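Novice: The structure follows.
The values are calculated or read from the model by the stated rules, or taken from the named source; none is laboratory data. What you see is a predicted model, and the numbers here were worked out from it, not measured in a lab. Cβ sites come from the backbone with ideal geometry, for glycine too, and all protein chains shown count toward neighbours.
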Amino acid sequence: MAYPVNTWEQYEVVLRAAGERRLTSAEDAEFLIALGLLTDAATLTPTGQAYFDAAFIDRDERSVVLAIQTALREYAPTQAILQRLYGVPHVDKSIVDSVLRNVGLGADLTDRKLGTLLTLLDRAEVIRYVRSKGELSVLLPPMDNGQVPSTIFVSRETPFSNVMWLGRVLKQCEGHIFWIDKHFQPAGLEALADIADGNRISEIRVLSLKLPDNSTPKAMKAYRSLKTELANRGITLEWRFVDSSVVRDSHDRWVIGANSAYNVPDVGTVMSGNKSEMAKSDSSARLKADFETYWAQGQEVS
């Protein structure tokens, strides 16, 4: 994970150089690439271009703040802070350090880098940081712009949010929901029932292994009931079991929409809150093709 090692003013020099088509050091650009402001050491992303326009052409400070805030929202350490610490009182720097390390973002994290990051988050109005005391409060909720974050952290400290985020990932799918989870549990059917909207999707497919706890008469009854209910919403639901040999080359679980895909933990992990994460993928077309291959070799549950 790339953490800031310079002040934001120093990074602005790099951004300006990139916007003016002047070559910059790849090392100086590392954090800006991680933020999604540069594609490489010399090329602005659309968000980076918005920042360049606001800072160096329009000189609109409010737009500058919004541009850097937009970039920071997609930065994994920011999301960890928002998701775990929004609304939590009496937060200090050491707590943030523990949160980042707990979710696996502690590599190369130092006290200086953390302080630099918190100062930047304060500048972008993501948090309010009192540097002299090392105290802070989170100003932005994890999702207040309607967009599902690219990284969502699952933990036992956020049992309600774990289920909520799974629902948000499912709900953002357009056209269809293809869900492959080798250890799919009937609780996943409840998540589908909550979000299935015939105005957005017309088909749901679930693919899993046949296991003792997901093939009980109770589970089959729940599936048939939901299948009937969703048909009344104009949505076709089918759940298939597939042999483990067919999917032995697939280790991840995926929720795939027409234009989106998320790597998600198995349903049991989401419900238990065991440490994990949901992560956005840009490979929905390839994943859909893989899913179709597996699907053709499955059999509907009975």
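Novice: Would you confirm, using the coordinates I've provided, whether GLU61 is of a type in the set (D, E, K, R), in contact (Cβ under 8 Å) with a residue 24 or more places away in the chain and either in the same structural domain as ALA124 (by TED's automatic domain parsing) or surrounded by 14 or more Cβ atoms within 10 Å (Cβ to Cβ) (or both)? Please lay out each step first, then the result.
Specialist: Values: of a type in the set (D, E, K, R): yes; in contact (Cβ under 8 Å) with a residue 24 or more places away in the chain: no; either in the same structural domain as ALA124 (by TED's automatic domain parsing) or surrounded by 14 or more Cβ atoms within 10 Å (Cβ to Cβ) (or both): yes.
Here the answer is no, as GLU61 does not meet what is asked.
Novice: Any idea which of LEU230, LEU237 is at pLDDT 95 or above and either assigned to a helix (DSSP H, G or I) or not assigned by TED's automatic domain parsing to the domain that holds ARG168 (or both)?
Specialist: LEU230
Novice: Going through region 240-257 one residue at a time, which ones are in contact (Cβ under 8 Å) with a residue 40 or more places away in the chain and in a loop (DSSP other than H, G, I, E, B)?
Specialist: Initially, region 240-257 is screened for residues in contact (Cβ under 8 Å) with a residue 40 or more places away in the chain, giving 240-244, 246-247, 250, 253-257.
Within region 240-257, VAL242, ASP243, SER244, VAL246, VAL247, SER250, ARG253, GLY257 qualify.
Novice: Considering only region 136-180, state which residues are part of a loop (DSSP other than H, G, I, E, B), buried (at least 22 other Cβ atoms within 10 Å of the Cβ) and touching a strand residue (DSSP E or B) at 6+ places or on another chain (Cβ under 7 Å).
Specialist: Hit for region 136-180 is CYS173, nothing else.
Novice: Let me ask you something else. Pairs only if they're at least six apart or on different chains, beta carbon under 8 angstrom, first in region 163-174 and under 21 Å from GLY268 (Cβ atoms), second part of a helix (DSSP H, G or I) and among the charged types (D, E, K, R); list them, first residue then second.
Specialist: Final answer for the pair search is GLY167/ASP194.
Novice: Continuing with the same structure: In region 75-111, what count of residues is obtained for those that are at negative phi and either in a loop (DSSP other than H, G, I, E, B) or free of Cβ contacts under 8 Å to residues at least 60 places away in the same chain (or both)?
Specialist: Residues in region 75-111 being at negative phi and either in a loop (DSSP other than H, G, I, E, B) or free of Cβ contacts under 8 Å to residues at least 60 places away in the same chain (or both): 25 in total.
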